[in-house]
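Before we start, here is the structure in question, set down as structure tokens.
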Amino acid sequence: MTFPHDFSMTIDGRAAPADGHFDVINPATERAFASAPECSRAQLDEAVASARAAFPVWAATPMETRRKCVHALGQLLIDNAETLMAVLTMEQGKPHREARMEVSGSGMRLQAIATQDLPTLHADDGAGRLFETRHMPLGVVGAIVPWNFPLALAVFKLGPALLTGNTVILKPSPFTPLTTLAMGELARAVLPPGVFNVVSGGDALGPWITAHQGIDKITFTGSTQTGRRVMESAALTLKRVTLELGGNDAAIVLPDADVRKLAEQLFWSAFTNNGQLCIATKRLYIHDAIYRPLTTELAELARTVKVGDGAQPGTQLGPINNRPQYQRVLGLLQDIRDSGYTVLAGGGPAPAPGYFVPVTLVDDPPDASRIVREEQFGPVLPLLRFSDIDDAIARANASEFGLGGSVWSADEDRAAAVARRLDTGSVFINGLPRLSAFAPFAGRKQSGVGIEGGIEGMLEFTSPQTVFRNRPTG
Ligand code: NAD
């Protein structure tokens, strides 16, 4: 695959010509650099019909064949990483290095998923019967993803959905449709027609998918606000839903943490992808004993990190992905200024063009401030002082969200004891927030419904069927 390229939707294993197109903006320049097809309602119906027609054959295809197909799609992403990463940087903004990691990592994730198996239960009910429980695919899955990690978040859904025997209709965010469309184009060579469809469009398309009578399950990643709408719409047809939503993850740094050793990792735990990561550190609680040395180190990193166009060599942080999110982050910066909080680095927006925001560290704002309570999803981090660990845990847990968190200490057992008291689905000790294909990832409270990853995540694409038979006598 090469770029420039006319990106097309994939419906029934073929390119689907669109009547309309919409611009895709490079957030580093604010200029349109490509266009994406606008899916019509009739085309969504075609995609659903194609996915429904393909389902019985795909569901009956041996697991080993499906495994090979998912692995092969992963390999295609890895083989085309150089082209895809350049497109990903242009549509998302992240630096080439991170974009390359996202593309290859998505390929590797598909290959890791392809090694997994569904459990089958054989048992005796103790009342004269034997039974066998198998996990059967649901049918057609509608997958809806956001713009921060377009490919990675898509494959978290696509891999297990396909492996378990479902067919898929995938919709990327209108801000980042291109790499996902490209994945659909590549998949035509390794998946039967109808098994994997990719459609792109504006604000109407998501609600059409969640309401569609021919779709059996919605797997959604995005904001909590949209997640509620998705669940409401899916309820009308009783679709199964998995919702991976927002977070406001707390990092707790214990007094024995080695400031010099951990400062850089802590920095990146918050600012990877410019803070546009659901499990990024979004509140940083630091013990009083090391508060000043650590915040001084972090401020130095914030001042020296290279922010710019992700396509330029040496760039470490790109722009915010899109104008609405940029304006949201600017609104938070304005609130910080209006409230008179002290900033240790950053503050105002960087000069245009480009949705650039300098890394901003806020010195111990009140717990009730917007920057502590809200999910910022941008490079602005509140640094919060504590002196009592019970108090820090209570403050960390005092959030409507329950996605992830982290604990930092010279003693990992001590950190693990704190981790178990956090009311979140994942906790990282002394390291960057990174998920695994083999571990379940589940948001608590307003961070989601259901599970992605691991066997538990695969099971979300299935429904159990139990066959009872009489135990042979004699
Ligand atoms: P968003 O909710 O605005 O959009 C997500 C997707 O939903 C997009 O494809 C969008 O087009 C679509 N959509 C919008 N309205 C819809 C509707 N009514 N019905 C169906 N689909 C609709 O989210 P965003 O701004 O793209 O992403 C940022 C959010 O995603 C943050 O809150 C972040 O924390 C969250 N996120 C969560 C995870 C996780 O795994 N928990 C991972 C990444 C991002």
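The values are calculated or read from the model by the stated rules, or taken from the named source; none is laboratory data. Since we're looking at a predicted model, the values are computed, not measured. Backbone-built Cβ (ideal geometry, glycine too); neighbour counts: all protein chains shown. With ligands, DNA and RNA removed, areas are computed over all heavy atoms of the protein, side chains included. Shrake-Rupley method; radii C 1.70, N 1.55, O 1.52, S 1.80 Å.
Just one of P353, P366 is part of a loop (DSSP other than H, G, I, E, B), open to solvent by 10 Å² or more (accessible area, probe 1.4 Å) and under 22 Å from L294 (Cα atoms); which is it?
Values: P353 fails: under 22 Å from L294 (Cα atoms).
It is P366.
Yes/no per residue for (1) touching a Cys at 6+ places or on another chain (Cβ under 8 Å); (2) within 26 Å of V57 (Cβ to Cβ):
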residue	(1), (2)
A154	no, yes
F175	no, no
L181	no, yes
L191	yes, yes
G194	no, yes
V199	yes, yes
A204	no, no
Q213	no, yes
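Output yes when any residue across segment 241-263 is open to solvent by 50 Å² or more (accessible area, probe 1.4 Å), over 18 Å from the mean Cα position of the chain (by Cα) and within 15 Å of the ligand (Cβ to nearest atom), and no when none is.
no
What number of residues within segment 165-194 satisfy the criterion of being open to solvent by 10 Å² or more (accessible area, probe 1.4 Å) and within 15 Å of H71 (Cβ to Cβ)?
4
Can you tell me which condition E456 does not meet? The list is (1) away from the ligand (no atom under 15 Å from the Cβ); (2) out of contact with any Gly (no Cβ under 7 Å at 6 or more places or on another chain); (3) more than 17 Å from G247 (Cα to Cα), and all the others hold.
So E456 meets the others, but not (1).
Out of the residues in segment 292-311 that are of a type in the set (S, T, N, Q) and free of Cβ contacts under 8 Å to residues at least 60 places away in the same chain, state the one that is nearest to H96 (Cα to Cα).
Result: T304.
Need pairs with beta-carbon distance below 6 Å; first residue in the same structural domain as F156 (by TED's automatic domain parsing) and within segment 71-100, second of a type outside the set (S, T, N, Q) and at pLDDT below 95; sequence gap 6+ or separate chains.
Qualifying pairs under 6 Å: N80/M1; T83/M1; T83/F3; V87/F3.
Sticking with this structure for a sec: Inspect segment 13-34 for any residue being assigned by TED's automatic domain parsing to the domain that holds T180, loosely packed, with under 14 Cβ neighbours inside 10 Å and at pLDDT below 95 and give the result as yes or no.
There is at least one residue in segment 13-34 that is assigned by TED's automatic domain parsing to the domain that holds T180, loosely packed, with under 14 Cβ neighbours inside 10 Å and at pLDDT below 95.
Answer with yes or no whether T65 is at pLDDT 95 or above, open to solvent by 10 Å² or more (accessible area, probe 1.4 Å) and either polar (S, T, N, Q) or more than 17 Å from E185 (Cβ to Cβ) (or both).
yes
Please find, among L153, L162, L130, the residue that is open to solvent by less than 10 Å² (accessible area, probe 1.4 Å), outside any loop (DSSP other than H, G, I, E, B), in the same structural domain as A182 (by TED's automatic domain parsing) and at pLDDT 95 or above.
Numbers: L153 fails: open to solvent by less than 10 Å² (accessible area, probe 1.4 Å); L130 fails: open to solvent by less than 10 Å² (accessible area, probe 1.4 Å).
None of the others qualify; the one that does is L162.
Test L118 against the criterion of being under 20 Å from K157 (Cα atoms) and in contact with a His (Cβ under 6 Å, 6 or more places away or on another chain), and give yes or no.
So L118 fits the description; yes.
What's the total number of residues in segment 146-198 that are away from the ligand (no atom under 11 Å from the Cβ) and more than 20 Å from G246 (Cα to Cα)?
Step one: list which residues in segment 146-198 are away from the ligand (no atom under 11 Å from the Cβ), which gives 151, 155, 158-169, 178-179, 181-198.
Still in the running and more than 20 Å from G246 (Cα to Cα): 158-169, 178-179, 181-198.
Qualifying residue count for the region: 32.
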